[in-house]
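K.L.:
Below is a structure I'd like to ask you about.
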Ligand SMILES: Cc1cc2nc3c(=O)[nH]c(=O)nc-3n(C[C@H](O)[C@H](O)[C@H](O)COP(=O)(O)OP(=O)(O)OC[C@H]3O[C@@H](n4cnc5c(N)ncnc54)[C@H](O)[C@@H]3O)c2cc1C
């Protein structure tokens, strides 16, 4: 049994707390907010879960493993966390991200279909695919109820003995100062989302950005629609899950936003772009009522790869994050890999290490993301 202190109850920290508490560790999970708070990146209602990752077999495998672990969490807790509605990827080219994904998914034995545009159109209540060559459909992908999932991870960790502490923490060597206490552990994890770079500026670089989501009233026909990604045009969305409305999100990297700043209101510019996309891709939504909008933050590492590495000066301290707009689904699988590295010395991918990184194309749903200046 180890004493594990985790600061940050987003998908990465709450998954680690659940995983370690299940293993019988003595866990303290600290967060400045309640788990699932909208100011945390894991706080929104929904996140896509898909194995599709272009040519990248490691993230593909990890997403598949995460799906199994989310299902385990559902069984353990009785919570309904995942809608397996499938995810469709709109391919504008024969070669490219979708073709590479199809090859890797096939090689790994993960269910996937190559659909004609006409076949894909039948999955949606309304669809215009005139600009598409074909569609990749992953039937066992879908949507995670993100906020509920983080709350469930935390509740299950607590049920298995973890202590949850609501306080803002600061590092003190290899210890944690929080709520008037000094916490010590055999492992100390800082999984602080957009706040990680501010806490460890000499080791972590992140771009924290403002992102926006819009929800439309498409009617009941959208309840059964798959999630979807238009990677080359940097849009993604979901059907109407849990009455939230049809979600449309423009996935270009937004303007910088301090992690402690209030989330601003919706911008007319992004609303117009989202409406235009909805009207073109799903014509029946052209006149649909806007039922809501949300803002949230990405914390993007220079190359879009996650961070999971020991602190260079304190080997019991680990820094974890850099979700880069695609981290949610991987939470439990990352916890499994990180603890395997601690306990069995199983290597983590070198690209999760600290240190200088080069800009690389996005691994979220934004193939056409413009490199920031
Ligand atoms: C709009 C949007 C859409 C996305 N879509 C997807 C998707 O479809 N699929 C997908 O897989 N991923 C998606 N992501 C990315 C995913 O949500 C993130 O990668 C992931 O949630 C990051 O989790 P985290 O645990 O690193 O950070 P967070 O969820 O931000 O958690 C960090 C926690 O640390 C706490 N904290 C920070 N500093 C301190 C401190 N000093 N003391 C105490 N507590 C502290 C914070 O309060 C917070 O709760 C999306 C993200 C956004 C914003």
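FYI, it's all coordinate maths here, none of it is from the lab. Worth saying up front: this structure is predicted, and the values here are computed from it rather than measured. Using ideal geometry, Cβ is built from the backbone for each residue, glycine included, and neighbour counts are taken over all protein chains shown.
K.L.:
Over segment 1-137, what relative contact order in percent results from Cα pairs under 8 Å that are six or more residues apart?
P.N.:
The normalised contact order for segment 1-137 reaches 19 percent.
K.L.:
Further, regarding this structure: Between residue 170 and residue 38, what is the FRET efficiency for a Förster distance of 41 Å, r being their Cβ-Cβ separation, to the nearest 0.05?
P.N.:
0.95
K.L.:
Taking every eigenvalue of the Cα gyration tensor of segment 288-370, multiplying by 5 and rooting it, what semi-axes result, largest first, whole Å?
P.N.:
Its equivalent ellipsoid spans semi-axes of 29, 16, 12 Å.
K.L.:
List residues of segment 294-321, by number, whose backbone nitrogen lies under 18 Å from a label position 7 Å along Cα→C-beta of residue 269.
P.N.:
294-298
K.L.:
What do you get for the angle between helix 11-22 and the principal long axis of the chain? Use alpha-carbon atoms, 0 to 90 degrees, nearest ten.
P.N.:
Computed tilt is about 50 degrees.
K.L.:
Which percent, nearest 5, of DSSP beta bridges in the chain are antiparallel?
P.N.:
Looking only at bridges with both residues in the chain, the antiparallel portion is about 70 percent.
K.L.:
Given a cut-off of under 8 Å on Cα pairs at least six residues apart, what relative contact order in percent is computed for segment 3-352? Don't skip to the answer; put the middle values down first.
P.N.:
On the way: 785 pairs, mean separation 82.6, N = 350.
After rounding, I find 24 percent.
K.L.:
Here's another thing I want to ask about it. Direction-averaged shadow area of the convex hull around the Cα atoms of segment 115-204, nm²?
P.N.:
Its Cα hull, projected and averaged over all orientations, spans 10.9 nm².
K.L.:
Using packing as a proxy for protection, rank 240-247, 91-98 so that the peptide with the highest average count of other Cβ atoms within 10 Å comes first.
P.N.:
240-247, 91-98
K.L.:
Along Cα→Cβ, 7 Å out, is where each label goes; now give me the distance between the ones at residue 68 and residue 1 in nm to one decimal.
P.N.:
2.8 nm
K.L.:
Please work out the C-alpha center-to-center distance from segment 288-344 to segment 166-193 and express it in whole Å.
P.N.:
That distance is 18 Å.
K.L.:
Measure nothing fancy, just the Cα-based angle from helix 57-77's long axis to the longest principal axis of the chain, in degrees from 0 to 90, nearest 10.
P.N.:
Taking the Cα atoms of the chain, the angle to 57-77 is about 80 degrees.
K.L.:
Further question: So what is the relative contact order of segment 103-157, in percent, for Cα pairs below 8 Å that sit 6 or more residues apart?
P.N.:
So the answer I get is 34 percent.
K.L.:
Taking 22 Å as R0, compute the FRET efficiency from the Cβ-Cβ separation of residue 262 and residue 291 and round it to 0.05.
P.N.:
Using R0 = 22 Å, I get an efficiency of 0.45.
K.L.:
Can you give me the distance in nm between label points at residue 100 and residue 344, each placed 7 Å from the Cα along the Cα-to-Cβ direction?
P.N.:
Computed distance between label sites residue 100 and residue 344 equals 2.9 nm.
K.L.:
For a quick check, take a GNM of the chain with Cα springs below 10 Å and name the residue from 321, 36, 13 with the largest mean-square fluctuation.
P.N.:
Sorting by GNM fluctuation, first place goes to 36.
K.L.:
Separate question: With Rg and the Kirkwood Rh both taken from Cα atoms, where does Rg over Rh land for the chain?
P.N.:
Ratio of gyration radius to Kirkwood radius: 0.96.
K.L.:
Here's a follow-up. Could you calculate the contour length gain from residue 315 to residue 351, that is, 0.36 nm times the residue separation minus the distance between their Cα atoms, to one decimal place in nm?
P.N.:
Value of the extension gain: 11.1 nm.
K.L.:
If you stretched the chain out fully between residue 76 and residue 224, how much longer would it get, using 0.36 nm times the residue separation minus the C-alpha to C-alpha distance?
P.N.:
Result for the pair: 50.7 nm of gain on full extension.
K.L.:
For the chain, modelled as a GNM with alpha-carbon contacts under 10 angstrom, which of 109, 325, 237 fluctuates the most?
P.N.:
109
K.L.:
If one takes the longest principal axis of the Cα atoms in the chain, at what angle in degrees, from 0 to 90 and to the nearest 10, does the Cα axis of helix 97-107 lie?
P.N.:
For helix 97-107, the angle is close to 70 degrees.
K.L.:
So if the hydrodynamic radius of segment 156-221 is defined as the Kirkwood radius over C-alpha pairs, what does Stokes-Einstein give as its diffusion coefficient at 25 °C and 0.890 mPa s, in µm² per second?
P.N.:
159 µm²/s
K.L.:
Same structure, new question: For all pairs of alpha-carbon atoms in segment 236-346, what percent lies in each bin of width 5 Å, listed from the first bin to the last filled one?
P.N.:
Pair shares across the bins are 2, 9, 15, 17, 15, 14, 10, 8, 6, 4, 2, 0.
K.L.:
Would you look at the GNM of the chain, springs on alpha carbons closer than 10 Å, and say which of 15, 42, 274 moves the most?
P.N.:
Greatest mean-square fluctuation among the candidates belongs to 274.
K.L.:
So, one more: How large is Rg over Rh for segment 190-292, taking Rg from the Cα atoms and Rh as the Kirkwood inverse mean of 1/r across Cα pairs? Mind dumping the intermediate values first?
P.N.:
On the way: Rg = 16.2 Å, Rh = 15.2 Å.
Here the Rg-to-Rh quotient is 1.06.
K.L.:
Okay, helix-only estimate at 222 nm for the chain: each DSSP H run of n ≥ 4 adds -39500 (n - 2.57), divide by all residues, round to 500 deg cm²/dmol; what do you get? Don't jump to the answer; show the numbers that get you there.
P.N.:
Working: 8 runs with 95 residues, N = 373.
It comes out at -8000 deg cm²/dmol, rounded to the nearest 500.
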